[in-house]
Amino acid sequence: MRSVEGILVHSGRAVEIHMEDGVIQQVNSIERKDDLPYISPGFLDMQVNGYNGSDFSLEEFTRDHIDSIQRSLAKAGTSRFVPTFVSMPHERMLRNLEITRKAVRKSSLLSAAIPGFHIEGPFISREDGPRGAHDSAFVCNPNIDYFHQWQEAADGMVRYITLAPEREGAMDFIKQVTASGVKVSIGHSGCSPEQIREAVEAGATLSTHLGNGSHSTVPRLKNYLWEQLAADELYAGMISDGFHLPASVVKVFARAKGLKRVILVSDVALIGGYPPGLYKWGNLEVEVFEDGHLGLHGTTFLAGAAHLLDWDILRFMESTGASLSDTIKLCTENPSVYLGLSESGYGDARPDIPVNLTVFRYVQGDARLRVEKTLLQEAELWDSARAAGIVHG
């Protein structure tokens, strides 16, 4: 029987947690000591493109890339994640979805870690700015036949799709997709406020990385950002890495939506984890800057993210004044509720629920959380003391 000691992040209670066969058996109170780490639910990152040379949209994508991404995320406290497949040739999309689906079906660990897939594009804006780092060669209007083929390749694992409401046929597509139980998010769009409202009425329920994948300037009052902020029906995905959104914007967005409707995502990408320099990403030239952010070379536009949730959590707290407990919920409880997953394991640890824990230290002034362990069911995904790798089920 394994055990960990620490302070439960939500209640502040000092405990020893005993685990066996992937299930929490006992949670016993202990004396509070100064050197105890925090224990929280494992982080759930709802938008992961890739990391450190691996990416779900690569032409040469393999199962090894999935394992590499999972290892990297675990070091940052992320136990569960949603692979994101961006705009790419249709046949490659089908192949990569199938490779990922097969890996999930064959591995009990990946099955526990990956609750579904996110397809971001190709039904997005062609315009520079709103299109972001997506290759314009693959952008197109919504196609319901594509959706059915995606779901067949994914064996029904597509959980949500990001699209631009201004694309021809978008409203009918939203209605058909949401009727099947798949969620639709608004993103990479340059649409009118009226089209935002129409998309919400058709069934859209999320804003993908709100404020990013947008024009550098928008109309002062009547624009798609205000309309999404005002729509109570929409959750807001946010990248709080300090580069994608200024601190003041993070604070205003969080106040406008309320913490129950904010979801922190990393949006981490292929080149995240690389040293500063210029890199080719498909047909794009991407720069890793000294301060850690990724940009399209020669432009002011960003090209995905390089930081994981252990970094983003602290930036959100700094920007908004939110507590550690409240901020942790934005990448545990909130995405779980949005995706319709079981909420078991997203409050404080208790007996008879599957193991899904992140053990970390929080020191004011640090750039990121100091993650000591990431545990998921029977697997120890990460142990900083032993630098343990993942053991697959």
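Only the coordinates and a few stated rules stand behind these numbers; no lab work does. Note that the structure is a prediction, hence the values are computed from the model and not measured. With ideal geometry, Cβ positions are generated from the backbone for all residues, glycine too; neighbour counts draw on all protein chains shown.
Worth a mention:
- The chain, relative contact order [Cα under 8 Å, separation at least 6], %: 21
- When restricted to Cα atoms, the chain yields an Rg and a Dmax of 20.1, 62 Å, respectively.
- Estimated FRET transfer efficiency (A179, V23; beta-carbon r; R0 41 Å; 0.05): 0.65
- Rel. contact order, % - alpha carbon contacts under 8 angstrom, at least six apart, segment 198-285: 29
- Whole-Å distance, taken between Cα centres, linking segment 258-283 and segment 187-232: 21
- Volume per residue of the convex hull around the Cα atoms, evaluated for segment 1-133, comes out as 147 Å³.
- Three-way shape label, segment 252-297, alpha-carbon gyration tensor, a/c 1.5: prolate
- The trypsin sites (Lys or Arg not before Pro) of segment 153-260 that DSSP puts in a loop, and whose beta carbon has at most 11 other beta carbons within 10 Å, are R220, K222.
- Between E194 and D366, the FRET efficiency estimated from the beta carbon spacing at R0 = 41 angstrom works out to 0.35.
- The GluC sites (Glu not before Pro) found in segment 255-317 that occupy coil by DSSP, while having at most 16 further C-beta atoms within 10 Å, are E290.
- Helices in the chain, meaning DSSP H runs of at least 4 residues, each add -39500 (n - 2.57). Divided by all residues, the mean residue ellipticity at 222 nm is -8000 deg cm²/dmol.
- Other-chain or far-sequence residues with amide H under 5 Å of Y235's (modelled H): L206, S207
- Cα→Cβ-extended label distance, 7 Å offset, between D172 and R32, nm: 6.1
- Here is the tail figure for segment 46-113: Cα pairs spaced more than 20 Å apart come to 20 percent of all pairs.
- GluC sites (Glu not before Pro) restricted to segment 174-258 and DSSP loop, no more than 10 other C-beta within 10 Å: none
- Averaging Cα coordinates gives a centre for segment 69-104 and one for segment 160-185; these two points are 21 Å apart.
- Unit charges on C-beta of K, R, D, E only; dipole of the chain, Debye: 380
- Within a straight-line Cα-Cα reach of under 18 Å, K280 cannot be paired with any lysines, leaving aside sequence neighbours fewer than 8 residues apart in one chain.
- Set of lysines near K329 by C-alpha distance (under 27 Å), chain-local residues within fewer than 8 positions excluded: K33, K75, K183, K251, K257, K260, K373
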